[in-house]
Structures are given as C-alpha cells and as structure tokens.
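Worksheet: the structure to be examined is printed underneath.
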Amino acid sequence: MPTLILSRKDISGLISMPVVIQAVEQAFKDWAVGLADMPSKVYLTLPGGDFRAMPASLPGAAGIKWVNVHPGNRALHMPTVMGLIIYSDPDTGYPLAIMDGTDITAYRTGAAAAIASRYLARQDATTLGIIGAGRQAITQIMAHKVLFELREIRVYDISPDAGLRLIEYFPDLNIRQTSLEETAASDIICTLTTSTKPVLFLKHLKPGCHINAVGADAPGKQELDPLILKQAVVVVDDMDQAIHAGELNVPVKAGAFNKEMVKANLGQILMGGKSGRSSVRDITVFDSTGVAIEDIAVAKWLYQRASDLGTFLSLPLVE
C-alpha cells in the first residue's frame, strides 16, 4: 500500500475553513470524553528558533507533527512556521500519508480561536481586533468571519506595511489600521505576536471583551499583562502546555498566576461540563498553545478527501 504525499500546494487546494472548524471542534469534544490521546509537545530549542514534536490519536486516526518556529525567516522570505505531518493507520502503524503541515497549522490555529470566541465572547460581538498582522492574522480573520457577523476588523502591527498587506488580502472586508488602544477596544481581540513582554494591558480593555492569546506558544513568551489574567475567566486548550509554554508560563513562574485560577479547558466548555462567562461584563481569555489533536483531526479529513479524489502522488515508502 503506497503512502500518499501531499505538498503545500495540494493542501491549499483541499483545505476549507468551515471544514477545519468542524474537525477541530469535534477533536476537542473527543478529547474531553477520553476518546483522544495527546502527550504534551516536546521542544527542541536552537539558536535561531525551535522545533516541536506533537503526537496525537483520535478515533480512527493517529499521527505526529514536526513543526518549527524561526522568526528570522521573515528576512529570508520564508515562513516563520513550517510543519510536516506523518499520518498513520492506528491499527497497523502504516504511514498512510506525509503531508505539509504549514497551512494546516495556520488554519487549525485560527479555527481553535474562533471556536473559543463562539463559546466565550459576548453573543453580540461585532468587532475583531488583530494585534500582529502576520500569516496567522489571515486565518484568524478567515475563521472568525465564518462564525461571526463582523462589522469591523481593527488591525495593529508595529510594521504599518504588515497591516496594509492584511487589508489588501481581504479587499471585501471592513478592515482598518488603528492604534493599539483602538484595536484593544474590540469585542474580540487576537494577540498574534512573538513578544516576550506584555503588549496588551488591562487599561486597554473594555468590559465584556474576549481575548484569544495565541502568540505565546513557547517558554518565555508573553503577550498579556498578568493583571488581565487575574481578573479574567481563563480557559486553556491544554493545561500542561499553557503553564509551561503558553500565555500562562511567565506569570506562573513569577508567582503572579497559578493553574487553580484557570476556569476550564476548551473541551470542558464545548461539552458543557463547565461554563465560560457568567456576565456580559466578564473579560474572557483563551490561552491557545496549539495542540496536536487539532492537526491530526484536520489531517484525517484531508487524507480521506485526497484518497477519494485519487489524483495525488503516492509512493511505496516502506514496501
């Protein structure tokens, strides 16, 4: 049996944000009821960046993603985040597919945040604030516009050119470059930077807002003022990753926050085991570290779709 090979171009022709949202939400539900298994991601830190190994299994699926984060790649006109997924038969271990994970990573991250927004943001949310206008900003907007009727999208980046490129990418949407303060006054805010110190402060926020803290995905990274976390309803994708490598990692090490202050993980919220906001004035935070069940859920759908089409390269790698 040959192994399916899916390039980034192949993936871009197959992937769809509504399908990714559906797959990611189901993965969190499966994990919440014990139908999925996922060890914590393993980091390999190098001078120019890092690699992460991320294995997971879901009903009928298993695999691992090997993904990098190299911020210096921007100067080389290369993606800062690239990934490769080995998707395997859980019953035999046979490698069913090897696929590029770059767009899968971007799409599933956007999808997870939008799902969190649907369950944690105010129902009347109509403004989206984007802090950091890189590649991830694109899929955050794509995912949120699937689930929300957005009246306005506000973008702040230390590079005005990055904001302009984002606006040009979505010519049909009402997107404005604004100050950090105006962007932070949105109903839903997505922080998408590589910062190691807070960029968003409690004084910037209006009551009732929801924050998707996405950029802090490795030890030492931090985007939110710890005072936000102390006052917010905090939900994580995975507790262990959140306190060791997510938005919570720096405040936890400094003693400014602890895991007992976390309200729930996203799966518990989706299954109704725990509640999110209890008031329209609550500030809610989703600490999105990126978990492997998201990747494998999307890889499962892509493999099935590509196999059904039967038009993609395959090789007898282990025969």
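Quick check: net charge around M271, other residues with Cβ under 15 Å of its Cβ, Lys/Arg +1 and Asp/Glu -1?
Details: positive: K29, R118, K263, K274; negative: E25, D30, D237.
Net charge in that neighbourhood comes out at +1.
What range in the chain is the longest one free of trypsin sites (Lys or Arg not before Pro) that are in a loop by DSSP and have at most 16 other Cβ atoms within 10 angstrom? After excluding every exposed loop site, the longest remaining stretch is 1-150. On the principal axes of its alpha-carbon atoms, region 196-319 has extents of 57, 31, 25 Å, going from largest to smallest.
Can you give the local net charge around H244? Use residues other than it whose beta-carbon is closer than 14 angstrom to its beta-carbon, Lys and Arg +1, Asp and Glu -1. Cβ neighbours under 14 Å give a net charge of -2. Name the shape class, rounded, prolate or oblate, that the alpha-carbon gyration tensor gives for region 47-162, where a ≥ b ≥ c are the square roots of its eigenvalues, rounded holds for a/c under 1.5, and otherwise prolate holds if a/b is larger than b/c and oblate otherwise. Since a/c reaches 1.5 but b/c is at least a/b, the shape of region 47-162 is classed as oblate.
Comparing mean-square fluctuations of D282, D225, D308 from a GNM of the chain with C-alpha springs under 10 Å, the top value falls on D308. Residues considered: I175, I158, I141. Largest GNM mean-square fluctuation over the chain, using C-alpha springs under 10 Å, is found at I158. Taking the chain as a Gaussian network, where each spring joins two C-alpha atoms under 10 Å apart, which residue of T193, T80, T284 fluctuates the most? Checking each option, the largest mean-square fluctuation is seen for T80. Computed per residue of the chain from DSSP H runs no shorter than four, each worth -39500 (n - 2.57), the mean residue ellipticity at 222 nm is -10000 deg cm²/dmol.
State whether region 143-257 is rounded, prolate or oblate according to the following rule on the C-alpha gyration tensor (a ≥ b ≥ c being the square roots of its eigenvalues): a/c under 1.5 gives rounded; otherwise a/b larger than b/c gives prolate, and the remaining case gives oblate. Prolate. Taking Lys and Arg as +1 and Asp and Glu as -1, the other residues whose beta-carbon sits under 15 Å from that of R52 total -3. Cα centroids of region 259-307 and region 137-176: 23 Å apart. Based on the alpha-carbon gyration tensor of region 69-132 and its eigenvalue square roots a ≥ b ≥ c, which shape applies: rounded if a/c is under 1.5, prolate if not and a/b is larger than b/c, or oblate? Note, shape of region 69-132 comes out oblate.
Excluding same-chain neighbours fewer than eight residues apart, the lysines reachable from K253 by a Cα-Cα span under 16 Å are K197, K221, K230. Cross-link reach is defined here as a Cα-Cα straight distance under 12 Å, omitting same-chain residues fewer than 8 places apart; for K206 the aspartates and glutamates meeting it are E181, E182, D187, D282.
FYI, it's all coordinate maths here, none of it is from the lab. In this text the structure is predicted, and so the values were computed from the model without any measurement. All Cβ positions, glycine included, derive from the backbone under ideal geometry; neighbour counts span all protein chains shown.
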